[in-house]
Structure formats: structure tokens, C-alpha cells
Amino acid sequence: MPPADAATLALRFSKLPAPPPFVYLGALWTYDEQGTVARLQQRLKYGNRPHLGEALGRWLAQAVPAATYDLVLPVPLHRQRTLERGYNQSACLARGLAAERDLDCSDSLLIRARPTRSQTKLGHGARWTNVHGAFTLTDASGVRGRHVLLVDDVITTGATLAAAAQPLVSAGATVTVSALACTREYV
């Protein structure tokens, strides 16, 4: 499975309307359209296999730099999408990563306050517009002064991670982001 590289990751955030609000970005693999990584991610996201996410999250823990993290948070789905899918694939990854690193994990502090369209068919500008302002905190004091590790499944343009990190940073958290995979091509 092709590893993600720093240059590919940096490109994801180069065309966003604002600089990314986090201190580090990492991903385990490069998303290979027809390969093993794509099949794993698709089975995790759409194949009703939340246990796969926890196992992959343990692998993802190996790609996260050694640092002191206070809390692991998944990129949240809107409650409507969670009900449709049955689980949040990013929460599964976050739980596995947190278990591997012996860290606290919460899937209730950061929420998607409004439903958003699927990002899969949108270009980079539309992706940012779609998720801008979609995330909020249920308790800002829960992240203030803490180093938060924000986890997602796939980075395409970086819009979702940047939008999800914004309320954390605004509340006074330091944010590191990590994902299972990063697309090779910029959308």
C-alpha cells in the first residue's frame, strides 16, 4: 500500500481560502483509486464494518508523530448521516487510534451542526463552501488549552479537516490532524 508523503499532503491545503488552522498534518497511505487502500476505505465507510475502522485506527496510530495529545476527536458526521450509515467511520478510526496510544477519545465534543452534501462529487471551491461553518463544539472548555488529535478517513482537498479544526482552534486548542489516506490527485 503506497505511503502518504509530505508534499502530497501539503498540496491538499494549498488552495483553501485560509491557511489550515493546525500544527501538523499526517496520513498513513496514499489513496489508490482501484487498489487496496481504496477497497479498505470503501468497506469501512459503506460496508457496515465499524470493527475494521478500529483495527485501521491502530495502524494509523503508527503514522501519528510522537507528541503529547490530550484528546482524540473524529471528524463528525451529521446525526442524519450517522443514522443512515449506522456509524461514523472516522469515529471508529479515532477509537482504534486512541486505544493504541492510550488516549481519551470523544465523539460528542465536536459536532456537525448542519447537514452537508457529500463532498465526493464537488470541486475544491464547492467543498470549502459546503463545509465552511458546519462544525461547532458542544463544550468549548473541553478543548481549551488542550492538544487535540483530529481524525478523518480520507483527505482530498483538506476542506473538511480545516473546517472541523476551526472551532477547536477558536476555543483555544492546538490541533494536529491525521487521516487514513490522502488522495494522490488534487480535486
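The values are calculated or read from the model by the stated rules, or taken from the named source; none is laboratory data. Being a predicted model, the structure only gives us computed values, none of them experimental. Every residue, glycine among them, receives a Cβ derived from its backbone with ideal geometry; neighbour counts consider all protein chains shown. Note: accessible area is taken over every heavy atom of the protein model, side chains too, but ligands, DNA and RNA are not part of it. Shrake-Rupley method; radii C 1.70, N 1.55, O 1.52, S 1.80 Å.
Applying the Karplus relation 6.51 cos²θ - 1.76 cosθ + 1.60 with θ = phi - 60° to the range 142-147 yields 3J(HN,Hα) values of x, 10, 4, x, 10, 9 Hz, where x marks Gly and Pro.
Less than 5 angstrom separates the built amide H of Leu150 from those of Leu73, Thr176, Val177, Ser178, all sequence-distant by 5 or more or on a different chain. For mean projected area of the Cα convex hull in nm², the value calculated from this model appears in (i) 10.4; (ii) 12.2; (iii) 9.2 under label (iii).
Sites count as exposed loop sites when they are GluC sites (Glu not before Pro), lie in a DSSP loop, and have at most 10 other Cβ atoms within 10 angstrom; the longest stretch of the chain without one is 34-184. Packing around the peptides 107-115, 23-31, taken as the average count of other Cβ atoms within 10 Å per residue, puts them in this order, highest first: 23-31, 107-115. Solvent-accessible area per residue in the range 99-187 equals 42 Å², computed with a 1.4 angstrom probe and all protein chains kept. Of the Cα atoms belonging to the range 38-118, the radius of gyration and Dmax stand at 12.8, 36 Å. Counting protein heavy atoms only, the chain has 51 percent of its accessible area on carbon and sulfur, 1.4 angstrom probe.
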